[in-house]
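The values are calculated or read from the model by the stated rules, or taken from the named source; none is laboratory data. All of these numbers come straight from a predicted model, not from anything done at the bench. Cβ atoms come from the backbone with ideal geometry, glycine included; neighbour counts cover every protein chain shown.
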């Protein structure tokens with residue numbers, strides 16, 4: 001794979017005890033050093049015009065001034081220092097690079113993966129939260145649409161937390177499809193089944209709040225039965241993956257049971273979905289707070305594109321998830337119409 005990376009993102013210093021630390025990127029780099037076929041690209045940072053295409057200009061200016069004044073706690077979870085402004089622009093720029101590279105034809109072993117931080121999927125139109133300041137995938141999707149590089153963009157979010165910011169930004173846009181598999185009841189408490197998009201965009205949001213304890217079979221079944229059919233129906237030109245690894249069974253801040261091989265399985269499923277719709281495919285880093293499982297997760301995504309066939313469990317999903325899938329099918333306009 002081609003990995004977007006910049007040392008600028010290390011300068012976002014959240015403090016020694018914060019889970020979203022620069023050590024996350026260092027651990028990923030250390031693990032990838034043991035893999036072959038890894039290429040790094042340092043992309044240009046996003047400019048303010050690109051960021052304000054999805055974020056309120058007053059919020060962007062408030063965030064810039066907050067950093068210029070030395071930063072601090074934006075909220076109890078979301079920390080900034082002076083260098084966070086540049087890191088956030090760089091992180092958004094790396095995501096934009098990943099989409100542009102994919103749309104230009106980078107695929108297969110050259111599939112792009114943006115390794116930026118701070119992450120983005122909780123960032124709202126006019127506020128930061130959940131470690132996130134700029135919504136990297138949203139900035140990227142809007143840029144691709146506004147530039148005329150894509151007519152329809154899909155975002156699949158497998159981070160254990162619901163991407164409330166991404167959903168909010170696009171809930172009235174019929175040219176962006178957002179799908180999320182996340183842990184039910186976990187921060188930020190959004191992502192209900194009946195959130196399907198508003199007005200003309202009804203059907204362009206799909207949420208599957210999986211019960212705690214869900215693992216590889218549950219994620220596989222939810223993707224196959226829910227996400228894949230709607231992706232096929234939406235037929236995107238670009239598929240972006242909000243790629244968090246905090247649903248791993250050894251991550252410290254979730255109760256899910258996904259294995260490293262499970263992330264390989266999801267990667268293979270996403271690749272197949274992109275191939276079936278002839279969509280450009282790019283990955284953008286979100287969460288993951290065990291350094292070992294985070295770096296192994298990124299590593300197996302790379303290995304799948306390098307030819308590895310992930311081990312797929314033949315175990316069936318549990319009854320709670322099967323009931324959830326039935327509920328989503330009955331609720332979602334594009335599934336209930338089948």
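Can you say whether residue 70 is surrounded by fewer than 20 Cβ atoms within 10 Å (Cβ to Cβ) and not in a strand (DSSP E or B), as far as the supplied structure shows? Answer is yes for this residue. For the residues 315, 261, 323, the requirement of being free of Cβ contacts under 8 Å to residues at least 60 places away in the same chain and touching a helix residue (DSSP H, G or I) at 6+ places or on another chain (Cβ under 9 Å) singles out 261. Go through the stretch 1-18 and give me each residue that's in contact (Cβ under 8 Å) with a residue 24 or more places away in the chain and farther than 12 Å from residue 117 by Cα. Answer for the stretch 1-18, where residues must be in contact (Cβ under 8 Å) with a residue 24 or more places away in the chain and farther than 12 Å from residue 117 by Cα: 1, 2, 3, 15, 18.
For the stretch 326-338, residues that are assigned to a helix (DSSP H, G or I), touching a helix residue (DSSP H, G or I) at 6+ places or on another chain (Cβ under 9 Å), surrounded by 13 or more Cβ atoms within 10 Å (Cβ to Cβ) and at pLDDT 95 or above total 2. Residue 137 fulfils the conditions (1) in a loop (DSSP other than H, G, I, E, B); (2) crowded, with 22+ Cβ neighbours inside 10 Å except for a single criterion, (1).
Every residue, every condition in (1) at pLDDT 95 or above; (2) closer than 22 Å to residue 337 by Cα; (3) surrounded by fewer than 23 Cβ atoms within 10 Å (Cβ to Cβ), yes or no:
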| position | (1), (2), (3) |
| --- | --- |
| 160 | yes, no, no |
| 170 | yes, no, no |
| 177 | yes, yes, no |
| 182 | yes, no, no |
| 185 | yes, no, yes |
| 217 | yes, no, yes |
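The set of residues in the stretch 19-55 being in contact with a strand residue (DSSP E or B) (Cβ under 6 Å, 6 or more places away or on another chain) and either crowded, with 21+ Cβ neighbours inside 10 Å or closer than 28 Å to residue 167 by Cβ (or both) consists of 43 alone. Look at the stretch 40-67: where a residue is on the phi > 0 side of the Ramachandran plot and free of Cβ contacts under 8 Å to residues at least 40 places away in the same chain, no partner that is surrounded by fewer than 18 Cβ atoms within 10 Å (Cβ to Cβ) and part of a loop (DSSP other than H, G, I, E, B) sits 6+ places away or on another chain with Cβ atoms under 9 Å.
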